[in-house]
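Read-outs throughout are calculated quantities, based only on the coordinates presented, and are distinct from any laboratory measurement. Note that the structure is predicted; figures quoted are calculated from it, not measured. For neighbour counting, all protein chains shown are included, and Cβ atoms are generated from backbone atoms with ideal geometry for every residue, glycine included.
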Amino acid sequence: MRLKTLQLVNFRNYDNLHINFNEKVNLLVGKNGQGKTNIVESIYMLSFGKSFRTSKDREIIKFEKENLYVGGSFSKYNSDYLIEIAIGKNKKGVKVNKVHIQKMYELLGNLNVVIFSPEDLKLVKEGPKERRAFIDKEISQIIPKYYNYLTNYNKVLFQRNKLLKGHIVDKNLLDVYDESLARYGSYIYILRRDFIKKIANISMTMHKNLTNEIEDLKINYKNQINISEEDTIETVYNKFIEKLVSSREHDIDTRTTRYGIHKDDLNIFINDLDVRLYGSQGQQRTASISLKLSEIELIKNEVGEYPVLILDDVFSELDETRQKLLIDNLSLVQMFITTAEVSHKKIFNKSNTTIFNINQGNVVSIENGGN
Ligand SMILES: Nc1ncnc2c1ncn2[C@@H]1O[C@H](COP(=O)(O)OP(=O)(O)OP(=O)(O)O)[C@@H](O)[C@H]1O
Ligand SMILES: [Mg+2]
């Protein structure tokens with residue numbers, strides 16, 4: 001996948017920006033607060049329909065303006081695509097190739113984006129919620145209907161918990177919610193199981209590369225229903241219903257739902273030790289890098305093309321060996337790298353690189369690497 005052009009109107013600190021990107025490496029350089037992340041935020045929006053920094057669309061509209069526009073053209077499977085997003089005070093429209101889409105999941109899976117920012121270095125160290133978010137984001141862009149299951153699951157979970165918090169709990173209604181929860185949940189369980197198996201395989205190799213073959217990274221799916229390789233939608237549905245029924249009294253007492261995909265996590269081991277408990281900071285960071293970078297290969301395997309890669313402020317967080325490894329290993333991937341370090345220009349000064357110098361919401365100059 002190659003993002004070719006980007007147009008921003010009233011997006012954060014940009015008035016009207018039109019850029020043509022390099023099909024390999026794009027380095028966005030500028031001092032703090034000039035608008036580097038704003039650009040990659042808009043690229044991310046073309047993929048996911050929303051920002052990774054805020055859930056409030058209106059924050060993205062330029063101060064004192066009413067509407068914003070983001071448009072990006074890209075190529076995939078040798079065809080050209082155009083994604084456009086317009087956001088006003090109370091309205092939002094998304095078009096794919098000039099056709100309005102009705103549901104957000106119809107946007108997912110068009111432009112595949114992997115974003116890597118400093119928070120991702122804490123992926124292994126952080127709580128289960130962050131790891132679930134990671135899993136959800138990745139499966140959604142490979143299998144967009146997953147996002148739909150998840151939205152529906154969360155709606156039912158919310159209603160179920162609301163019912164549990166009421167004065168009198170209507171058991172018949174609880175039956176209905178359990179049935180829905182298990183129906184959506186069983187799809188999610190299966191898709192997570194399959195995704196985690198694949199990412200575990202890829203990250204094992206990735207981690208060996210990053211650690212000179214010293215560390216053995218193992219990842220598996222932590223879930224409450226003991227899902228197995230053999231399980232089908234049906235058997236998972238039954239297992240999940242069983243759990244919900246067994247926990248009904250407990251759920252009524254505690255007014256919350258004890259079992260389900262909202263409790264899932266990843267078990268992560270390095271040389272057979274739980275890296276969350278026993279890993280050093282460095283090991284946790286490296287394991288996070290392995291996991292994130294594995295997404296790239298996984299998307300390539302599943303979708304047939306590499307995603308575009310965004311490295312937001314993360315380059316300076318890597319040591320020299322890893323910087324080099326990254327650049328050398330990802331020569332087939334289009335990259336967008338933001339940095340406040342002018343010295344990074346030297347590292348990237350190659351013919352496959354375009355450097356965009358950014359200052360106060362403007363691309364003030366463009367340098368072609370290798371000159
Ligand atoms: N809605 C908005 N309207 C106008 N300007 C905005 C809006 N939201 C954020 N900004 C401005 O955008 C700038 C931040 O941009 P951005 O986060 O892209 O910086 P950056 O270049 O990535 O900086 P750093 O190197 O610190 O990460 C700030 O100056 C902020 O005031
Ligand atoms: Mg930034």
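Numbers at a glance
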| item | result |
| --- | --- |
| Label point 7 Å beyond Cα of Val99 along Cβ direction - residues of segment 140-164 with amide nitrogen under 18 Å | 144-145 |
| Average Cα contact separation per residue, the chain, under 8 Å, 6 or more apart, as relative contact order % | 25 |
| Three-way shape call for segment 30-131 based on the alpha-carbon gyration tensor, with the a/c threshold at 1.5 | oblate |
| Equivalent-ellipsoid semi-axes of the chain, from the Cα gyration tensor, Å, largest first | 38, 27, 18 |
| Order of His167, His18, His344 under a 10 Å beta carbon neighbour criterion, fewest first | His167, His18, His344 |
| Sequence-distant residues sharing a close amide H with Ile358 (under 5 Å, placed H) | Val29, Gly30, Val364 |
| Residue-count net charge about Gln281 - beta-carbon cut-off 11 Å; Lys, Arg +1, Asp, Glu -1 | +3 |
| Largest to smallest principal axis extent of the C-alpha atoms in segment 140-197, angstrom | 42, 15, 14 |
| Relative contact order computed over segment 74-143 (Cα-Cα under 8 Å; 6+ residues apart), in percent | 20 |
| Under Karplus coefficients 6.51, -1.76 and 1.60, residue-wise ³J(HN,Hα) of segment 239-250 in Hz, glycine/proline x | 4, 5, 4, 4, 4, 4, 5, 5, 9, 4, 4, 4 |
| Neighbourhood net charge (9 Å Cβ-Cβ; Lys/Arg +1, Asp/Glu -1) for Val94 | 0 |
| For segment 93-204: rounded, prolate or oblate by the Cα gyration tensor [a/c cutoff 1.5] | oblate |
| Relative contact order for segment 247-371, counting Cα pairs under 8 Å that sit 6 or more residues apart, in percent | 13 |
| Table column - 3J(HN,Hα) (Hz), segment 70-86, Karplus curve with 6.51, -1.76, 1.60, x for Gly and Pro | 10, x, x, 10, 8, 10, 8, 6, 6, 10, 9, 10, 9, 10, 10, 10, 10 |
| Gyration tensor (alpha-carbon) shape descriptor, segment 1-42, a/c threshold 1.5 | oblate |
| Euclidean distance between Cα centres, segment 190-224 to segment 27-106, Å | 32 |
| Ranking of Glu305, Glu59, Glu230 by count of other Cβ atoms within 10 Å, fewest first | Glu230, Glu59, Glu305 |
| Compactness of segment 157-238 as Cα Rg over 2.2 N^0.38 Å, two decimals | 1.58 |
| Helical mean residue ellipticity (222 nm; -39500 (n - 2.57) per DSSP H run of 4+; nearest 500) of the chain | -13500 deg cm²/dmol |
| Integer Hz, Karplus 6.51/-1.76/1.60 couplings in order for segment 114-123, x for Gly and Pro | 10, 10, 10, 10, x, 4, 5, 5, 9, 3 |
| Loop sites in segment 274-369: trypsin sites (Lys or Arg not before Pro), DSSP, at most 16 other Cβ within 10 Å | Lys350 |
